[in-house]
1. Tell me the per residue accessible area of region A:1-134 using a 1.4 Å probe; a whole number in Å² is fine.
2. According to the square roots a ≥ b ≥ c of the eigenvalues of the Cα gyration tensor, what is the shape class of region B:20-60, taking rounded for a/c under 1.5, prolate for a/b larger than b/c otherwise, and oblate for the remainder?
3. How far apart, in nanometres, would the label points at A:TYR33 and B:HIS49 be if each is projected 7 angstrom from Cα along the Cα-to-Cβ direction?
4. Order of B:6-19, A:3-16 by packing, highest average Cβ count within 10 Å first?
5. Can you give the average number of partner chain beta-carbon atoms within 10 Å of each beta-carbon in peptide B:56-62, as a whole number?
6. Could you tell me what percent of the accessible area of chain B is made up of carbon and sulfur, with a 1.4 Å probe and every protein chain present?
7. Would region A:1-98 count as rounded, prolate or oblate if I go by the C-alpha gyration tensor, calling it rounded below 1.5 in a/c and otherwise prolate when a/b exceeds b/c, oblate otherwise?
8. Decide, for region A:1-55, between rounded, prolate and oblate: order the square roots of the alpha carbon gyration tensor eigenvalues as a ≥ b ≥ c, take rounded if a/c falls under 1.5, and otherwise choose prolate if a/b is larger than b/c, else oblate.
Amino acid sequence: MGRDRIVEPELIRLTISDGDYIDVKKRLNHGEYDDHLARIAPYQTPGEPIRMETRQIRTSKVLAYLLGWSLTHKGKPIPMAPDMPENARLDVLNSLDRQTFTEIHQAISAHEDKYDAEAEAAKNGQGGENGSSAISPSPVSATGVTSGSALSTETSTPSS
Amino acid sequence: MREGGVTIRGVEGRLYWGYLPVGTVRAWTVTRHSPADPGTLTGTVVDVHPYRASQHPIEFVVTHKHGVWRWPLATLQIADTSVSATLRPPE
């Protein structure tokens, strides 16, 4: 039997500095990755060099992966949920301090590199599971409200 | 309703496969006939993604004033704009 080629919409929690966390997609599916590419290279013409929106490269990756977080502002949760319009999510990201955005981007990039390597290993029949498990999907956890269910977490390497 | 039963009604909730929306359930009702009954969900559904609706696990999620209710579904049937589902007991 062939390998399973559907991307399950699983969520992974990555720990960042100061006790905060971000919830991200475990893997992007084709549609999500295409959306990411369309944001960073919207003018691509076959046969011509790729013209990339360099301003959007980091932000687009964060937009593609980020589902929620524990960040607060003035004691209240900062909204970040996949149901929010993309412009609203972008507005929130653009309001972050630069260090926080960089930390989030680095955590997501490290996560992406790890799962890309595992996917490649699995494709080549080398296994590659890291033993970590996805947490219970939480599409509205970004509002800062949790259901109280126990969550297993994956810890990323905090950026320095 | 028999003793121990409960009915909760709401204006709108959403079905999710993981973090992906499956559909929006309007005028929903969750009914449990007894403490041992996991319960059923009924309502009208719009914006359905048929492929996602065929996947597992699916949750019914309702955001309310004080937080979120999250019911995992054991079964899900969508016919035209009607949805009915049996709930799964909490793990």
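The values are calculated or read from the model by the stated rules, or taken from the named source; none is laboratory data. Predicted model only: the values in this text are computed from it and were never measured. Quick reminder, even Gly has a Cβ in these numbers, built from the backbone with ideal geometry, and neighbours come from all protein chains shown. When the accessible area is computed, the model is the full protein with side chains, heavy atoms only, and any ligands, DNA or RNA have been set aside. Shrake-Rupley method; radii C 1.70, N 1.55, O 1.52, S 1.80 Å.
1. Working: 8030 Å² over 134 residues.
Accessible surface, normalised per residue, equals 60 Å².
2. Details: a/c = 3.66, a/b = 1.68, b/c = 2.18.
Note, shape of region B:20-60 comes out oblate.
3. 1.7 nm
4. On the way: B:6-19: 18.1, A:3-16: 16.3.
Those peptides, ordered most packed to least, come out B:6-19, A:3-16.
5. Numbers: counts 1, 3, 1, 5, 0, 5, 1.
Taking all residues of B:56-62 together, the mean is 2.
6. On the way: 2790 of 5090 Å².
Using a 1.4 Å probe with all protein chains present, chain B comes out at 55 percent carbon and sulfur.
7. Numbers: a/c = 2.48, a/b = 1.30, b/c = 1.91.
Here region A:1-98 falls in the oblate category.
8. Numbers: a/c = 4.01, a/b = 1.34, b/c = 3.00.
Oblate.
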